[in-house]
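The values are calculated or read from the model by the stated rules, or taken from the named source; none is laboratory data. In this text the structure is predicted, and so the values were computed from the model without any measurement. Glycine gets a Cβ as well: all are built from the backbone with ideal geometry, and neighbour counts include every protein chain shown. For accessibility, only protein heavy atoms count, side chains too; no ligands or nucleic acids. Shrake-Rupley method; radii C 1.70, N 1.55, O 1.52, S 1.80 Å.
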Amino acid sequence: MKTVAFFDAKPYDIESFKRYSCEDIKIRFFENKLNSDTVSIAACCDAVCAFVNDSINADVIDALEKYGVGAIAMRCAGYNNVDLKAAQGRIKIFRVPAYSPYSVAEHTIGMILLLNRKLHKAYIRTRDHNFSLEGLMGFDLNGKTVGIIGTGKIGCRFADIAKGFGMNIIAYDPNKNPDFCGEYVKLNTLFEQSDIISLHCPLTKENRNIISSESIEKMKKGVFIINTSRGQLIDTQSLAEGIKSGKIGAAGLDVYEEETSLFFEDMSDEVIHDDLLSSLIAMPNVLVTSHQAFFTREALDSIARTTMENLKNYFEGTDSENEINT
């Protein structure tokens, strides 16, 4: 029997993965995130299963190889937290490329609707029997321009939804997708023309801090910025300054630059020492959600099913289209 060390396990992970359990693979669930301090948990295991906020650097790769771990099954689409260079030729890396593009795309449009129509404020007001409309005015999405950075499966699904609202859809992506329903433009053109900018690209060295003080300066006054991809795509300090100056009208963040030790955890009884995050959460035109855009029943089921298929393929020596070429 093969053994898999499953890191950063939450109750919903355990429930969904147990539905796809098999006799040949034993999963050991651990609440710990995978990093240099916890990697020893994987000793004597054949593979590990990791998530977005696990730190799989060169030291972790070295330790995993020493313990005889031959594969890392990422139960997510992104793998920017894996040192692929260190893993090359030593440990196989798998991912889940398309668990549910609809879940993230729908969460994105939900954030836009809430921020635009001030639904969070209206909810609180009416619970206090305050039925005033003062300060709740939004704008029609119809006819507005949404700029999408990244047109993979999620970006295209979001574009389809935005098209249903009657929005003008433009995008920037070095790799054009024939399924995209809008117009491709240069990045600076997207910054200049968009009323709403939504990020749907994987994190790379080239696009880290693609939203910076320089790019914000090129944007329309009052632009909405939505990020449901990776926190490091945005220079958070520049974002906060743009919000304070009024250049940015609203921001929806499902991910955060320094989320690793915070997101997916209950910190309600603790003091948050990240002053920048605390400042953002306190702003009335900022919505922060805890990396939950993917979090639907359908997505969790797809993640579990595909991850188990990846592990079975690895243990059986079968080629997998979900293996990352390192």
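Counting only residues that are of a type in the set (S, T, N, Q) and assigned to a loop (DSSP other than H, G, I, E, B), which one in region 195-210 is least open to solvent (accessible area, probe 1.4 Å)?
Let us first name the residues in region 195-210 that are of a type in the set (S, T, N, Q), namely 198, 204, 207, 209.
Subsequent filtering for residues that are assigned to a loop (DSSP other than H, G, I, E, B) retains 204, 207, 209.
Details: T204: 52, N207: 22, N209: 57 Å².
Among those residues, the one meeting the criterion is N207.
If the requirement is being on the phi < 0 side of the Ramachandran plot and in contact (Cβ under 8 Å) with a residue 60 or more places away in the chain, which of these qualifies: A282, A293? Of the residues listed, the single one that is on the phi < 0 side of the Ramachandran plot and in contact (Cβ under 8 Å) with a residue 60 or more places away in the chain is A293.
In region 219-238, the residue that is farthest from I197 (Cα to Cα) out of those that are open to solvent by 10 Å² or more (accessible area, probe 1.4 Å) and part of a helix (DSSP H, G or I) is Q237. Of the residues that make up region 120-139, is at least one touching a Phe, Trp or Tyr at 6+ places or on another chain (Cβ under 6 Å), at pLDDT 95 or above and not aromatic (F, W, Y)? Looking for residues that are touching a Phe, Trp or Tyr at 6+ places or on another chain (Cβ under 6 Å), at pLDDT 95 or above and not aromatic (F, W, Y), one finds none in region 120-139, hence no. When region 85-107 is filtered for residues that are under 30 Å from N57 (Cα atoms) and of a type in the set (S, T, Y), the ones remaining, listed by number, are Y99, S100, S103.
Taking the criterion of being assigned to a loop (DSSP other than H, G, I, E, B), of a type in the set (A, V, I, L, M) and under 22 Å from the mean Cα position of the chain (by Cα), the residues of region 1-38 that qualify are A9, L34.
Screening region 185-205 for residues that are among the polar types (S, T, N, Q) and touching a strand residue (DSSP E or B) at 6+ places or on another chain (Cβ under 7 Å) and picking the one that is nearest to S103 (Cα to Cα) gives S198. I'm trying to understand the selection: among the residues of region 173-194, which are in contact with a Ser or Thr (Cβ under 7 Å, 6 or more places away or on another chain), polar (S, T, N, Q) and open to solvent by less than 80 Å² (accessible area, probe 1.4 Å)? Those that are in contact with a Ser or Thr (Cβ under 7 Å, 6 or more places away or on another chain), polar (S, T, N, Q) and open to solvent by less than 80 Å² (accessible area, probe 1.4 Å): N177, S194.
Each residue in region 39-51 was checked for being part of a loop (DSSP other than H, G, I, E, B) and surrounded by 16 or more Cβ atoms within 10 Å (Cβ to Cβ), and 3 of them qualify. Scanning region 296-321 for residues that are modelled with pLDDT of 95 or more and outside any helix (DSSP H, G or I) returns a single hit, T296. Which residue is farthest from G155 (Cα to Cα), if the candidates are limited to region 239-294 and must be assigned to a loop (DSSP other than H, G, I, E, B), open to solvent by 30 Å² or more (accessible area, probe 1.4 Å) and of a type in the set (S, T, N, Q)? Looking at the filtered set, the residue picked out is S268. Within region 152-171, is even one residue more than 22 Å from G246 (Cα to Cα) and aromatic (F, W, Y)? Yes; the residues of region 152-171 include at least one that is more than 22 Å from G246 (Cα to Cα) and aromatic (F, W, Y).
Just so you know, in region 79-118 the residues that are touching a Leu at 6+ places or on another chain (Cβ under 9 Å), part of a loop (DSSP other than H, G, I, E, B) and open to solvent by less than 20 Å² (accessible area, probe 1.4 Å) include one that is nearest to T296 (Cα to Cα), and it is S100.
Residues that are surrounded by fewer than 19 Cβ atoms within 10 Å (Cβ to Cβ) and part of a loop (DSSP other than H, G, I, E, B) within region 138-172 comprise G138, F139, D140, N142, G143, K144, F165, G166, listed in sequence order. Summed over region 173-194, the residues that are assigned to a loop (DSSP other than H, G, I, E, B), closer than 23 Å to H107 by Cα and under 22 Å from the mean Cα position of the chain (by Cα) give a count of 5.
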